[in-house]
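What follows draws every value from the coordinates through simple rules; no lab data is involved. Being a predicted model, the structure only gives us computed values, none of them experimental. Note: ideal-geometry Cβ built from the backbone for every residue, glycine included; neighbour counts use all protein chains shown.
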Number of protein chains: 4
Amino acid sequence: MATADLATAAAAPSPTLAAPIRVGIVGATGYVGGELIRLLAAHPGVELVGLTGRDRRGDPVGDVHPHLATTDLALESELVDDVDAVFLALPHGTAAQRVPELLAHGISIIDQGPDFRLRDASDYPRWYGFEHPHPELLGRAVYGLPELHRAEHIAAAAARAAGTPALIGSPGCYPTATVLALAPLARAGLIEDVVVDAKSGVSGAGREAKAEMLYAEVNESVRAYGVFSHRHTAEMEQELDLDGLDFLPHLIPMTRGILAACHIRPTRPLSQAELDELYAAAYADEPFVTVVDAPPATGHVLGSNHARVFVRADARTGRVLAIGVIDNLVKGAAGQGVQAFNLVFGLDETAGLSALPLAP
Amino acid sequence: MATADLATAAAAPSPTLAAPIRVGIVGATGYVGGELIRLLAAHPGVELVGLTGRDRRGDPVGDVHPHLATTDLALESELVDDVDAVFLALPHGTAAQRVPELLAHGISIIDQGPDFRLRDASDYPRWYGFEHPHPELLGRAVYGLPELHRAEHIAAAAARAAGTPALIGSPGCYPTATVLALAPLARAGLIEDVVVDAKSGVSGAGREAKAEMLYAEVNESVRAYGVFSHRHTAEMEQELDLDGLDFLPHLIPMTRGILAACHIRPTRPLSQAELDELYAAAYADEPFVTVVDAPPATGHVLGSNHARVFVRADARTGRVLAIGVIDNLVKGAAGQGVQAFNLVFGLDETAGLSALPLAP
Amino acid sequence: MATADLATAAAAPSPTLAAPIRVGIVGATGYVGGELIRLLAAHPGVELVGLTGRDRRGDPVGDVHPHLATTDLALESELVDDVDAVFLALPHGTAAQRVPELLAHGISIIDQGPDFRLRDASDYPRWYGFEHPHPELLGRAVYGLPELHRAEHIAAAAARAAGTPALIGSPGCYPTATVLALAPLARAGLIEDVVVDAKSGVSGAGREAKAEMLYAEVNESVRAYGVFSHRHTAEMEQELDLDGLDFLPHLIPMTRGILAACHIRPTRPLSQAELDELYAAAYADEPFVTVVDAPPATGHVLGSNHARVFVRADARTGRVLAIGVIDNLVKGAAGQGVQAFNLVFGLDETAGLSALPLAP
Amino acid sequence: MATADLATAAAAPSPTLAAPIRVGIVGATGYVGGELIRLLAAHPGVELVGLTGRDRRGDPVGDVHPHLATTDLALESELVDDVDAVFLALPHGTAAQRVPELLAHGISIIDQGPDFRLRDASDYPRWYGFEHPHPELLGRAVYGLPELHRAEHIAAAAARAAGTPALIGSPGCYPTATVLALAPLARAGLIEDVVVDAKSGVSGAGREAKAEMLYAEVNESVRAYGVFSHRHTAEMEQELDLDGLDFLPHLIPMTRGILAACHIRPTRPLSQAELDELYAAAYADEPFVTVVDAPPATGHVLGSNHARVFVRADARTGRVLAIGVIDNLVKGAAGQGVQAFNLVFGLDETAGLSALPLAP
């Protein structure tokens, strides 16, 4: 089958596969790992064949993720061999070491960590504090935001079918909300200056026991953190093609959800009509991005792979506000990974991701 | 088709129906209404053909339930005629007045309110403060808890197929958690005395603007309410065949979830082994009830139709503790209604209800 | 006693007054009203002699504010005559109508609403939608932020002692957090451009029953509101002497607390040392403002009249971040009112405000 | 001065002491330690002269308790010598080892842990898993609940003045709420059987980093714990003189507050009038206990040393419900300790504890 045919095949997904795709998860004990299990266990085209967690040997998944006890899955210390794809949910720097061997076995990778998100290898020591062990893979990796890089996903699908496993660097949670909110303006070169002020639920901080993340510390309080130094800054600057981004994240007392408020000084005056047109053009056909005309709440997308984007021009000040909201564990992590996986394996982009948000 | 055949048909669900079942929702603007839309819009055997809300005329569902905006459904003031089933999410006393006409049109009813839950008509003036306008229907209605009344659901399915529309009185949220926790003991006549102390998230109080339900009033506080007078008491006494139940509900600062802690003085000493056997026998084949051996949290079932039940004997005191947890809007309301609907329409009991719980 | 003497008297507070100051509260049933009662009932120099609420006639305060039941105070529909000062906690536009008569009776006013905060009468129709009925009073009113206007408070104290009652327009909650964070830079003319992105607990929205403020709507969600139109913008522009401020408030799931993150493009490069010096100079002697060197959380000031301010220069981008946090009901409302009241009545500025924050 | 005189002196507190009482806190870094600092730093009769925490050497208190930064206190690894009283906030088993030496130095002890609460030494191995190293001190210790043991506190005050330092075992949080709710009935011998179902905020679990206490684990969920085995059971049985108490605690998503719902089968029928009289007689003169006639919320006492008690008879079932609510860190821990301290040092019982609750 020629590449062109494959691209067509990818574009026209085959919902009823002869055999399910065999998928493993490395690092299944954290919050992103649990969310991957939740999504993939119910995915119509997937068979979950290996969940790994450090020092686990046959532990029922319900011991670690009580809400998933009914899946009757178990955790092992080692990955089984014959998998088609692996999702990695590992600390930064760890995935980069394991990926070459997995690729060599023909296994496609969806890395939920940052190790394959950045194109410039020098960003790793600068923002993450480690030298990337395999900078040669950075050019090959696809930044797993289909809304901006769908063609690359489809090309990776074609290559995969031709024998080259895919490598996806799944975006960070803050960049997903921010880039979706700003991309139409950024691509049109309309951003003179932007301040990104983001608010996140605490599940993004992971499941490790830290005193500062205790309920009693987080509840009824809000604080900024990572002042001028949050690692996701590099990723946003890369995807928006901006320098010196002013990004400030906050922790707020909720579990899930990110809201990125982007305060823009445009390069020229913009009308609301122009903004509406720009955003409609960008997202009208996107299955997971909805442009809304009232300020969106993170509660509108809870538990789903949906993103909502809002944009407003202020006649009084000449400024523009763009807001993006997502569930940080779904569109900001596991769901986004599944979306990219679907494309790379020629499935419907929405397979396993059709759940509506949960409210109230 | 003979009744016997139909019962078989109901027991052996047909997942791929020729035509979807046409379903309406009356009272679609509240929390239970929203949850019914969420579940039924994704139900594989259902076409949602009518959502009604007072004074609504073509309003997009997203105006009322922003999280459901992507469904592109709309709300109307009147129900369309040609529906097979209607879910009613109405204030108590209202459904009882509308049901006869709907039944007369051959429409099956799943009433999410209390109007068809109680068998003894005198319980309505006593606990709800209204005379039931159609006591003759109470004997015909099925108490919509399949775990205790599955045979009646299947009989109703047969009758429906033979031309008699079904009438389901879907259980209250507290009774669902409590009855599931206690039924094995109650049916075995082992309860000498029981105190039911329940804790609920505030979504059970509905969506009407009440000052006492403001975030600032509910947050960081817990209180009991409905002392000795909660209406659900009647329903629990009926289903457990108990008199003088001591039931106390509390509001706690969360949105969804009910935990019912049932403190039992048994009629005779009970061992843990005996309890385990009793509960395993009751629930081993139930798709939505899991007996667990650690105290369950409501967070383990959030957003799902699952219930978890826990039971423990205390050698020191001779007492028994049984705990039930559910999501009050799913297994305690909309999901339970869909489960009964599935049975009555001969579908797989779990159709549209397969979502795993959402955590963290 | 001459004015000069009085000014001295005001500067040297007399902690043990011969007779307590008789104080009334108009609008005592809301959240700010409750907070005023909490503070003033324990104030060493005050006798609370009149709490009024619409349609109240002798109702125990505990009926409205259960947490204050032990004060044994009651609510009346009308203010008693012989009071020295009145705190007004009323909807905007209402206080402006009542104030002239109160002043005419020699009663000093601390208005917790916006009616006497703005100097330019045209700001009222523009931002609040009403024509100010007494623009002649705007010049006389003192903007009740002692950290910026202490001299005016002391002058008002002198005038009051000489027979002219004081009129305080107590600042809004967002302006308090924002102005304290930005004032040192603004007064030095160092702000080229600033984006103020603020996060508030929901108690600021008041106690009126609104569906959008129900617990189930607010919990586990964050949203922006008042996009480009929040009324407090006018007040911030006035106090900071800025035009076209880009201000965006958010509601987050907590009851109390405001965090204002101020993203500044300075007029010239600023070092951290210069910022530290500037802020130390501004606040070193302030009893209620602490400059901190780690990002402050609203939880650090909960229940207290304290504010915390944080400022950082970013060498990478040349930008400056300033953050202010307060408890919106104390330093952002009732406590701030009491602080101004103390000054105007020649008391120690911290009288009745010495409680430490409550954590966790 | 004779003992009799001293008792009189203790009963007639001297609000203006010549010299403040010198107080130390051992274990000042946890939540109870922080709360002790908050209360004692503002206590009119106390000078805080020593705060200790493991491995601390001059650390500003604000490093550990940011909300207390303005106190300008510091933490040390060792207690200073010349203190009059020490509050111990230590893990169980630790205080018992340190107390004898402190007593030998004439230092009075308020132990916030369980080591001196139980009278029967065999309860320690049974409920806490350690042999008490100094059972001879158990008879001397006063159970620090003044509402039940005020005479013993006053006797201890007399003894202290005569040279024998006091030893207070400050009650646990659950026992405080439960015993206050039940004591009038228990003392009158009217309890045939009682189920205590309690709900607590998570601050009671302390400040140690535990994954199960992370915000994302606790939020939007409720669970029971310590089933049939919670250590506070022994203390409740002791103070209520009951055997085989059925006690079940729950963790709910809030930081502070305990509500104990006590479901009572009385020994004989009880009227509401009789209950009202019984409770009024017990608590009418208590400064910190209010009997209320609507179900109390924990939010009504937040941040204060107040307790609220509610009692109701159910004519339908013949049962009685008693509810107690407290702030677990104040009346359930630090505040209660200060209350006992006040009595033992002859101060007004309410000194330093007059703050009204904080709401909303």
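Quick check on the protein assembly as shown: helices-only [θ] at 222 nm, where DSSP H runs of length 4 and up contribute -39,500 (n - 2.57) each and the sum goes over total residues. Nearest 500, please.
When only DSSP H runs of four or more count, the value is -8000 deg cm²/dmol.
Give me the percent relative contact order of the stretch D:85-168, please, defined on Cα pairs under 8 angstrom at least 6 residues apart.
It rounds to 31 percent for the stretch D:85-168.
Using a 7 Å offset from Cα along the direction of the beta-carbon, what are the separations from A:Ser77 to the same position in each other copy, nm, ascending?
3.8, 7.0, 7.9
Please give the net charge around C:Arg256, taking every other residue with its beta carbon less than 15 angstrom from that of C:Arg256, where Lys and Arg add +1 and Asp and Glu add -1.
With Lys, Arg at +1 and Asp, Glu at -1, the net is +2.
Within the set of other residues whose C-beta is less than 15 Å from the C-beta of B:Arg54, count the net charge using Lys and Arg as +1 and Asp and Glu as -1.
Neighbour charge sum, excluding B:Arg54 itself: -2.
So if I take the alpha carbon set of the stretch D:194-318, get Rg, then get Rh from the Kirkwood formula, what is the Rg over Rh ratio?
Ratio of gyration radius to Kirkwood radius: 0.99.
Put a label point 7 Å from Cα along the Cβ direction on B:Arg126, then list its distances to the equivalent points in the other copies in nm, shortest first.
Counterpart label points of B:Arg126 in the remaining copies fall at 4.3, 6.8, 7.7 nm.
At most 11 other Cβ atoms within 10 Å and a DSSP loop assignment: could you name the GluC sites (Glu not before Pro) in the stretch B:55-155 that fit?
Qualifying residues, ordered by number: B:Glu78.
Starting with the highest mean, order D:225-233, B:113-121 by the number of other Cβ atoms within 10 Å, averaged over the residues of each peptide.
Per-residue mean Cβ counts within 10 Å order the peptides as B:113-121, D:225-233.
Average partner chain C-beta neighbours within 10 Å, per residue of D:192-201?
For this peptide, the per-residue mean of nearby foreign Cβ atoms is 5.
Over the protein assembly as shown, how many percent of alpha carbon pairs lie in each 10 Å bin up to the one with the longest distance?
1, 8, 15, 20, 21, 17, 11, 5, 1, 0, 0
Cα centroid distance between the stretch B:288-350 and the stretch A:171-249, in Å?
38
Largest first and to the nearest Å, give the Cα extent of the stretch B:263-306 along each principal axis.
Sorted from largest, the Cα extents of the stretch B:263-306 read 38, 23, 15 Å.
What average count of beta carbons from other chains do you get within 10 Å of the Cβ of residues in C:207-213?
The per-residue average across the peptide is 5.
Tell me the relative contact order for the stretch D:219-259 as a rounded percent, counting alpha carbon contacts under 8 Å between residues six or more apart.
Relative contact order here is 54 percent.
For Cα pairs less than 8 Å apart in space and 6+ apart in sequence, what is the mean separation divided by the residue count of the stretch A:227-360, i.e. the relative contact order in percent?
24
Shortest first, in nm, what separates the label point of C:Asp243 from those of the same position in the other copies (7 Å along Cα→Cβ)?
Values, ascending and in nm: 3.1, 8.3, 8.6.
Arranged by the count of other C-beta atoms within 10 angstrom, fewest first, what order do C:Thr178, B:Thr52 take?
By the 10 Å Cβ count, ascending: B:Thr52, C:Thr178.
Could I have the simple spin-label model distance between A:Asp63 and C:Ala284, label points 7 Å from Cα toward Cβ, reported in nm to one decimal?
6.1
First check a/c for chain D, with a ≥ b ≥ c the square roots of the eigenvalues of its C-alpha gyration tensor; if it is under 1.5, answer rounded, and if not, answer prolate when a/b is larger than b/c or oblate otherwise.
In terms of gyration-tensor shape, prolate.
Give me the mean projected area, in nm² to one decimal, of the convex hull enclosing the Cα positions of the stretch C:115-177.
That works out to 4.6 nm², a quarter of the Cα hull's surface.
Compute the distance in nm between two label points, each set 7 Å from the Cα along the Cα-to-Cβ direction, one at C:His105 and one at A:Glu101.
For C:His105 paired with A:Glu101, the spin-label model returns 8.4 nm.
Going by alpha carbons, how many degrees (0 to 90, nearest 10) lie between the helix axis of D:94-104 and the longest principal axis of chain D?
Here the helix axis deviates by roughly 50 degrees.
Students often check this: by mean Cβ neighbours within 10 Å, which of A:280-290, A:86-96 ranks highest, and how do the rest follow?
A:86-96, A:280-290
Taking the Cα atoms of the stretch A:153-213, report the difference between the largest and smallest coordinate on each principal axis, in whole Å and largest first.
48, 41, 12
Based only on Cα atoms, what mean projected area does the convex hull of the stretch A:302-344 have, in nm²?
For the Cα atoms of the stretch A:302-344, the hull's average projected area reads 3.8 nm².
Could you work out how far apart the two model spin labels at D:Arg316 and B:Glu76 are, taking each label as a point 7 Å from the Cα in the direction of the beta carbon, and quote it in nm?
Between D:Arg316 and B:Glu76, the label points sit 4.1 nm apart.
For the protein assembly as shown, how many pairs of lysine residues have a Cα-Cα distance under 23 Å, where the two are 8 or more positions apart or belong to different chains?
Eligible lysine pairs with Cα atoms under 23 Å apart amount to 12.
For the stretch A:314-360, which trypsin sites (Lys or Arg not before Pro) pass both filters: DSSP loop (anything but H, G, I, E, B) and at most 15 other C-beta atoms within 10 Å?
A:Arg316
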